[in-house]
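Down below is the structure, laid out as structure tokens.
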Amino acid sequence: MPILKIARMGHPVLQRIADSVADPTAPEIRALVDAMIESMAEAQGIGLAAPQIHVSRRVVVLMVPEVRTDPEDPEDTGMPLTVLINPEIEPLGDEKIGDWEACLSLPGLTGLVPRYKRIRYSWSTLSGEREERIASGFHARAVQHECDHLDGILYPMRMTDLSSLAFVEEMRRFSSDQEQPRRAAE
Ligand code: NI
């Protein structure tokens, strides 16, 4: 399967509400997921939503590397590569926390984005079963970032202070180690 080009901010496919998947077990969805996984690996991302490869469907592939999670937080857990079809998010509480995000559709950029600290999310698997889990911290952030892609939302639209929007390359030159944004992009 060819590696598909990733849509960048400004492309209309990233601004649409993506269509629900009627049958998660359909062969076309399996083929879409395979293409997404390949494109994500090629781009060295940890998550990708179907609109990012120009397909306006509610499908996300996501992995949560253990090293990115908070070992003190039992709900901020690592997760192997997981396919989320028709995902839904419910915030648990009003608390939001800010952290750096990057996105394969905004190459080279990073910004501080407030997100719900704790969520419950559910999704259909490729075999059509509905699953659900609770997540917090980085895990919850990654899910919120990916699911936003399905509603035409890119992370700068969630930022409350655009002064932190920056090119990673410039930040590396001028920031202290603690402020270094992490590399993985979604
Ligand atoms: Ni993204």
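Name, by its number, the condition in (1) over 19 Å from residue 115 (Cβ atoms); (2) in contact (Cβ under 8 Å) with a residue 40 or more places away in the chain that does not hold for residue 65.
If we test residue 65 against (1) over 19 Å from residue 115 (Cβ atoms); (2) in contact (Cβ under 8 Å) with a residue 40 or more places away in the chain, just (1) comes out false.
Just the residues that are farther than 21 Å from residue 9 by Cβ and surrounded by 21 or more Cβ atoms within 10 Å (Cβ to Cβ), please, taken from region 49-68.
Of everything in region 49-68, just one residue is farther than 21 Å from residue 9 by Cβ and surrounded by 21 or more Cβ atoms within 10 Å (Cβ to Cβ), namely 64.
If I ask for residues that are within 22 Å of residue 37 (Cα to Cα), among the aliphatic types (A, V, I, L, M) and open to solvent by 10 Å² or more (accessible area, probe 1.4 Å), which ones from region 110-153 would you list?
Within region 110-153, 126, 153 qualify.
Which of the residues belonging to region 18-48 are surrounded by 13 or more Cβ atoms within 10 Å (Cβ to Cβ) and without any contact (Cβ under 8 Å) to a residue 12 or more places away in the chain?
26, 41 - these are the residues of region 18-48 that are surrounded by 13 or more Cβ atoms within 10 Å (Cβ to Cβ) and without any contact (Cβ under 8 Å) to a residue 12 or more places away in the chain.
Looking at residue 44 and the list (1) modelled with pLDDT of 95 or more; (2) under 27 Å from residue 118 (Cα atoms); (3) not β-branched (Val, Ile, Thr), which single condition is not satisfied?
(1)
Please go through region 149-165 and give me each residue that is within 16 Å of the ligand (Cβ to nearest atom) and either touching a Gly at 6+ places or on another chain (Cβ under 7 Å) or without any contact (Cβ under 8 Å) to a residue 40 or more places away in the chain (or both), ordered by number.
153, 155, 156, 157, 159, 165
Taking the criterion of being open to solvent by 80 Å² or more (accessible area, probe 1.4 Å), over 28 Å from residue 55 (Cβ atoms) and in a loop (DSSP other than H, G, I, E, B), would at least one residue in region 168-178 satisfy it?
No, region 168-178 has no match at all.
Given the conditions (1) assigned to a loop (DSSP other than H, G, I, E, B); (2) within 16 Å of the ligand (Cβ to nearest atom); (3) free of Cβ contacts under 8 Å to residues at least 60 places away in the same chain, report the number of the one that residue 103 does not fulfil.
Unmet for residue 103, out of (1) assigned to a loop (DSSP other than H, G, I, E, B); (2) within 16 Å of the ligand (Cβ to nearest atom); (3) free of Cβ contacts under 8 Å to residues at least 60 places away in the same chain: (3).
For residue 142, state whether it is within 13 Å of the ligand (Cβ to nearest atom), in contact with a Gly (Cβ under 6 Å, 6 or more places away or on another chain), within 29 Å of residue 12 (Cβ to Cβ) and modelled with pLDDT under 95.
no
Out of region 157-167, which residues are in a helix (DSSP H, G or I), of a type outside the set (Lys, Arg) and open to solvent by 30 Å² or more (accessible area, probe 1.4 Å)?
Within region 157-167, 157, 162, 163 meet the criteria.
Condition check: more than 29 Å from residue 13 (Cα to Cα) and either within 16 Å of the ligand (Cβ to nearest atom) or modelled with pLDDT of 95 or more (or both). Does residue 134 satisfy that?
Yes.
Quick check: is even one residue across region 61-75 part of a helix (DSSP H, G or I), within 12 Å of the chain's Cα centre (by Cα) and of a type in the set (A, V, I, L, M)?
For region 61-75, residues part of a helix (DSSP H, G or I), within 12 Å of the chain's Cα centre (by Cα) and of a type in the set (A, V, I, L, M): absent.
The values are calculated or read from the model by the stated rules, or taken from the named source; none is laboratory data. Please read all numbers here as calculations on a predicted model, not as lab measurements. Using ideal geometry, Cβ is built from the backbone for each residue, glycine included, and neighbour counts are taken over all protein chains shown. We work out accessible area using only protein heavy atoms, side chains counted, and drop any ligands, DNA or RNA first. Shrake-Rupley method; radii C 1.70, N 1.55, O 1.52, S 1.80 Å.
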